Amino acid sequence: MKPVKGIGLLIILFFLSLFFASGEAQEKKTKTGSAKGFGFTSSRSPVEITSDTVEGDQKQNQVTFKGNVVAKQEDATLYANTVVVHYDTEMKKMKEIVATGNVRIVQLDRRATCQKATFYQNENKIVLDGEAVIREGDNVVRGERVVYLVDEERSYVEGGKGGRVVTTITPSSKEEKKK
């Protein structure tokens, strides 16, 4: 596992972390002055989740959204076949969010796709598994698994079984540099 540093990779992965972080984590970051302004934690705007069905399981401390799941807040949107939210009843907060099946996350020109995305709230870590592709504009990173450690602002990409990580970085045009 070699750390991958590419133009826009940290920004995209940071977007993913903010997409799934809880309001409590945002409140802590805001107090220390290190919060960044991406959706799902940068405001107290409501999150709207639509799905074909919703099932709550109090014994398992989880809520499952199934079928064409779409979660939106401001300009950030998550699409998946299924989203399971695991929560801690004593702490009254989310522990883990798992999105599976054709996962797609979009915010402005940033996009990420994979088969499974997991956000570990306590560890402040995001893992994209299964044909993970992250794009920002024309820049692309592809691998079997992407791990982003939010607090450390560090990420790494794994190529999978004998596979390799592929990174495409498109230099800015002369016109964009002038702006």
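For this structure, a couple of remarks:
- ³J(HN,Hα), Karplus 6.51/-1.76/1.60, whole Hz, each residue of the range 95-106, x for Gly, Pro: 9, 7, 10, 10, 9, 10, x, 6, 6, 9, 10, 10
- Each residue of the range 157-164 was assigned a 3J(HN,Hα) from its phi angle through the Karplus curve 6.51 cos²θ - 1.76 cosθ + 1.60 (θ = phi - 60°); the sequence is 10, 10, x, x, 4, x, x, 10 Hz, with glycine and proline shown as x.
- Above-threshold pairs, the threshold being 27 Å between Cα atoms, out of LYS95/LYS161; LYS93/LYS161; LYS72/LYS125; LYS59/LYS116: LYS95/LYS161; LYS93/LYS161
The numbers here are math on the coordinates, done by the rules we state, and not lab data. Nothing here was measured: the structure is a model prediction, and the numbers come from that model.
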